[in-house]
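Accompanying notes for the structure given below.
The values are calculated or read from the model by the stated rules, or taken from the named source; none is laboratory data. Just so you know, these numbers come straight off a predicted model, no measurement behind them. Note that each Cβ is placed from the backbone with ideal geometry, even for glycine, and that neighbours are counted across all protein chains shown. Just the protein is used for accessible areas: all its heavy atoms, side chains included, with ligands, DNA and RNA removed. Shrake-Rupley method; radii C 1.70, N 1.55, O 1.52, S 1.80 Å.
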Amino acid sequence: MSVPVTRYAKSGDVHIAYQVFGSGTTDLVFVSGFISHIENYWEHPDTARWLLRLGRFARVIMFDKRGTGLSDPVRERPSLDLRMDDVRAVMDAAGSESAAVLGVSEGGALAALFAATYPQRCQRLVLYGAFARFPKSADVLKPFIKYADRAWGSGLSLPAWAPSRQNDAALQQWWGRFERLGGSPAAATAVMRMTAETDVSDVLSSIRVPTLVIHCKEDTLIPIESGRSIARDIPGAQLIELPGQDHLFFIHEQIVECIEEFLTGSVSGAESHRVLATVLFTDIVGSTARAEQIGDRRWHDLLNAHHAAVRRELAHYQGSEVKSLGDGFLATFDGPARAVRCACAIAEAIRPLGIDVRCGLHTGEIEIGERDVQGIAVHIAARISAAASAGEVLVSRTVKDLVAGSGLHFSDRGKHSLKGLQDEMELYAASL
């Protein structure tokens, strides 16, 4: 997957970072929540898949609002008037006379005001997790300011945004980076204070473009009543209530389907995305016997330590955790050398725990589906892992050839017959 090129539009004296991607015939301006970083969006597979789905039926124009992400920092809190100027500047730079506008969370108020003020430039309006005025029942401002002051960039706020993924260590690590890149603690606090003061309730009745409001029924951050209120006040607005508690947009594939049907009149079938990747499988050697030997409680503690060590190395070497497999992991990398170094680091990090892991790697084309990967490369990596000895990092000839000149060392382990494959494969043990 190639990340869209980031460009800059000039809005007054401020530079606004934006990207354009997708092959659809309808322009769609994506107005994000309180902070964003348009390049970091592509660093997490769930977010990237969500955005790519949008790009299948729309030409998406995505930007960082002034004072956030890659756009210019600003000294004072920007008014909604200035932010509307930014939307128009980005549209002009992207060559878009008129577009559908998607406002997410805090971006919903800006999107709604834009639709009411510039109906000639807004064909349709979509709002997700939005509010006209900050709900009093969502008492998050004081805790947020405290969090921004003491723990901003840690990702520890993830449970508030996505309760169902609160134990997802890889997502928490990405979310912490998203916080740091999206805005400084002071910038994020300033945006939230402005958000708490914003109220566009009086302009909703002036919106005359077709509008779709999407909200999760059990949203723990912005209650469903906020979405229902918006839908009541915008003439002719359609409301879709989705199941779930998570406020983060990319957790919900259904949102994209709703938007597609609203903009095009139909929903295309789900599509997997094929990319070249290096697949890593890890597995604890003799896990069953060890669990019986030390008992359930100690084994549970040992597994937690193992998982934490593996995830630290995956984060360090920019690996994407696909899933944990009880006593092992499946992960992917966009660079084979990083994948081999990560596997070697995992083997070393686990050894002090008194256990060994075996690791297998192969590079090939994979299909990225919803929270999983498939393809022959995945199958081969799993078989290579099964053939590895305790503490060994075993790789295919493909991986070895691709990392030539990287300084990694390999020992020939000969040809192996792997289950499910017709031809024997040359395997090599890797070391740093």
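Ignoring ligands, DNA and RNA, what percent of the accessible area of segment 25-131 is carbon or sulfur (1.4 Å)?
44 percent
Work through the residues other than Arg274 whose Cβ is under 9 Å from its Cβ and net out their charges, Lys, Arg +1 and Asp, Glu -1.
Within the 9 Å Cβ shell, the charges total -2.
With the Cα gyration tensor of segment 209-294 giving a ≥ b ≥ c as the square roots of its eigenvalues, does the rule (a/c under 1.5 for rounded; else a/b larger than b/c for prolate; else oblate) give rounded, prolate or oblate?
Taking the square roots of the gyration eigenvalues as a ≥ b ≥ c, segment 209-294 is oblate.
Measure off, as a whole percent, the carbon and sulfur share of the 1.4 Å-probe accessible area of segment 218-353, all protein chains present.
Summing carbon and sulfur atoms, their accessible area is 47 percent of the total for segment 218-353.
Please compute the net charge surrounding Thr288, taking Lys and Arg as +1 and Asp and Glu as -1 over other residues with Cβ under 15 Å from its Cβ.
Taking every other residue near Thr288 into account, the sum is -2.
Which value, in Å², gives the accessible area per residue of the chain when a 1.4 Å probe is used on the protein heavy atoms?
Ligands and nucleic acids excluded, the result is 44 Å² per residue.
If you place +1 on the Cβ of every Lys and Arg, -1 on the Cβ of every Asp and Glu, and leave all else neutral, what size is the dipole of segment 298-403 about its Cα centre, to the nearest 20 Debye?
240 debye
Just how large is the dipole of the chain about the Cα centre, in debye to the nearest 20, putting +1 at every Lys and Arg Cβ and -1 at every Asp and Glu Cβ?
Result for the chain is approximately 500 debye, rounded to the nearest 20.
List every residue whose amide H lies under 5 Å from the amide H of Arg274, counting only residues 5 or more places away in sequence or on a different chain, with H placed 1.01 Å from N in the peptide plane.
Result for Arg274 returns Ile368.
Sort segment 62-193 into rounded, prolate or oblate with this rule: let a ≥ b ≥ c be the square roots of the eigenvalues of the Cα gyration tensor; rounded if a/c is under 1.5, and if a/c is not under 1.5, prolate when a/b is larger than b/c, oblate otherwise.
Note, shape of segment 62-193 comes out prolate.
Want the number for Arg312 to Asp334: 0.36 nm per residue separation, take away the alpha-carbon distance, what's left?
Using 0.36 nm per residue and subtracting the Cα-Cα distance, I get 6.2 nm.
Taking θ as phi - 60°, what are the ³J(HN,Hα) couplings along segment 288-293 by the Karplus curve (6.51, -1.76, 1.60), each to the nearest whole Hz, with x for Gly and Pro?
5, 5, 5, 4, 5, 5
Counting Lys +1, Arg +1, Asp -1, Glu -1, what net charge surrounds Tyr317 among other residues with beta carbon under 12 Å of its beta carbon?
Summing Lys/Arg as +1 and Asp/Glu as -1 gives +1.
Less than 13 Å apart at the alpha-carbon level, and either on another chain or at least 8 residues along: which aspartates and glutamates does that give for Lys415?
Answer for Lys415, where 13 Å is the Cα cut-off: Asp423, Glu424, Glu426, listed by chain and number.
To the nearest 20 debye, what is the magnitude of the charge dipole of segment 218-278 about its Cα centre, counting +1 on the Cβ of each Lys and Arg and -1 on the Cβ of each Asp and Glu?
120 debye
Along the charge dipole of the chain, which of Leu418, Ala109, Trp299 sits closest to the positive end, that is, farthest toward it, with unit charges on the beta carbon of Lys, Arg, Asp and Glu (+1, +1, -1, -1)?
Result: Trp299, furthest along the dipole toward the positive end.
List the pairs from Lys142/Lys217; Lys10/Lys146; Lys323/Lys400; Lys142/Lys323; Lys10/Lys217 whose alpha-carbon separation is above 30 Å, in the order I gave them.
Beyond 30 Å between Cα atoms: Lys10/Lys146; Lys142/Lys323; Lys10/Lys217.
Which whole-Hz ³J(HN,Hα) couplings does segment 421-430 yield from phi under the Karplus relation 6.51 cos²θ - 1.76 cosθ + 1.60, θ = phi - 60°, glycine and proline marked x?
So the J values, rounded to whole Hz, are 10, 6, 8, 5, 10, 7, 10, 9, 8, 9.
Using only DSSP helix segments of four residues or longer, with each worth -39500 (n - 2.57), what per-residue ellipticity at 222 nm results for the chain after dividing by its residue count and rounding to 500?
-11500 deg cm²/dmol
Which whole-number percent gives the relative contact order of the chain, counting Cα pairs below 8 Å spaced six or more residues apart?
Relative contact order comes out at 12 percent.
Starting from the Cα of Ser154, step 7 Å toward the Cβ, then list every residue of segment 174-193 with an amide N under 13 Å from that point.
Only 176 pass the distance filter.
Mind sorting out which of (1) 22.9; (2) 29.9; (3) 27.3 is the real mean projected area of the Cα convex hull in nm² computed from the coordinates?
Correct label is (1).
Can you pull out the GluC sites (Glu not before Pro) in segment 1-101 whose DSSP state is coil and whose Cβ has at most 13 other Cβ atoms within 10 Å?
Answer in residue order: Glu76, Glu97.
Near the amide H of Phe34, under 5 Å away, which other amide H atoms are found, from residues 5 or more places off or on another chain, if H is placed in the peptide plane?
Under 5 Å from the amide H of Phe34 lie the amide H atoms of Glu106, Gly107, each far enough along the sequence or on another chain.
Report ³J(HN,Hα) in whole Hz for each residue of segment 334-347, in order, from the Karplus equation J = 6.51 cos²θ - 1.76 cosθ + 1.60 where θ = phi - 60°; Gly and Pro get x.
Listing the rounded values in order: 8, x, x, 5, 4, 5, 5, 4, 5, 4, 5, 5, 5, 4 Hz.
Can you grab the distance from the C-alpha centre of segment 5-31 to the C-alpha centre of segment 370-432, Å, no decimals?
42 Å
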